[in-house]
Amino acid sequence: MTTEFTREDLVARLVRAGELEVSGEDLAEAATYFDTERFRFHGPDGFESDFDGLSAYFAAVREAFDDRSIRRGIVVAEGDHIACQTWIEGTFVREFTRSPAGPLPPNGERVVFDLINIFRFDDRGRLVEEWVRIDNRALLRQLGAEESGVPGGAGGA
């Protein structure tokens, strides 16, 4: 049976899924917003993942950053697709094992992941696909990759 979801329903589901992934508050509830078997993530530089990989990434974010928050900006919806701006913020206090340059030590700074996302939902209102774009150079600069001497970090070409 197909359920009709309004734009507002899908946006609310998207917002809640993001809040749960960033906070880690209720990961079982977070999973209900995804088709965990079919979900595919398409990231920068050809990075591909499934739901388990996305969950592992957010676990690394939760481990490395304190005082986390997520905000959604301009939202454009068409059919089963939603595009939006996303800002995930946190204070970098423990090693971040999933940075674009590999593990990085904490620098104590407030870091903002400034993203552009496109999401696709199925007919049950579950996320089945996500595309993300981020300025990795700006992110690495905030993470202190240049100071850490990471090759290709913020100071690289």
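The values are calculated or read from the model by the stated rules, or taken from the named source; none is laboratory data. The structure displayed is predicted, hence computed values, not measured ones. Cβ atoms come from the backbone with ideal geometry, glycine included; neighbour counts cover every protein chain shown. We work out accessible area using only protein heavy atoms, side chains counted, and drop any ligands, DNA or RNA first. Shrake-Rupley method; radii C 1.70, N 1.55, O 1.52, S 1.80 Å.
Just a few scattered comments:
- Subset of segment 1-45 [at pLDDT 95 or above, open to solvent by 60 Å² or more (accessible area, probe 1.4 Å) and within 23 Å of N136 (Cα to Cα)]: E19, R40
- Residue in segment 46-67 that is open to solvent by less than 60 Å² (accessible area, probe 1.4 Å), in contact (Cβ under 8 Å) with a residue 12 or more places away in the chain, among the charged types (D, E, K, R) and assigned to a loop (DSSP other than H, G, I, E, B) present: no
- Taken as a whole, the structure places R137 among residues that are under 17 Å from the mean Cα position of the chain (by Cα) and free of Cβ contacts under 8 Å to residues at least 24 places away in the same chain.
- Scanning segment 82-122 for residues that are in contact (Cβ under 8 Å) with a residue 40 or more places away in the chain, under 30 Å from E4 (Cα atoms) and of a type outside the set (K, R) turns up I82, C84, T86, I88, F119, F121, D122.
- Just one residue in the set E78, E129 is at pLDDT below 95 and of a type in the set (D, E, K, R); that residue is E78.
- Filter result (more than 12 Å from Q142 (Cβ to Cβ), basic (K, R), assigned to a strand (DSSP E or B) and open to solvent by 70 Å² or more (accessible area, probe 1.4 Å)) within segment 71-111: R71
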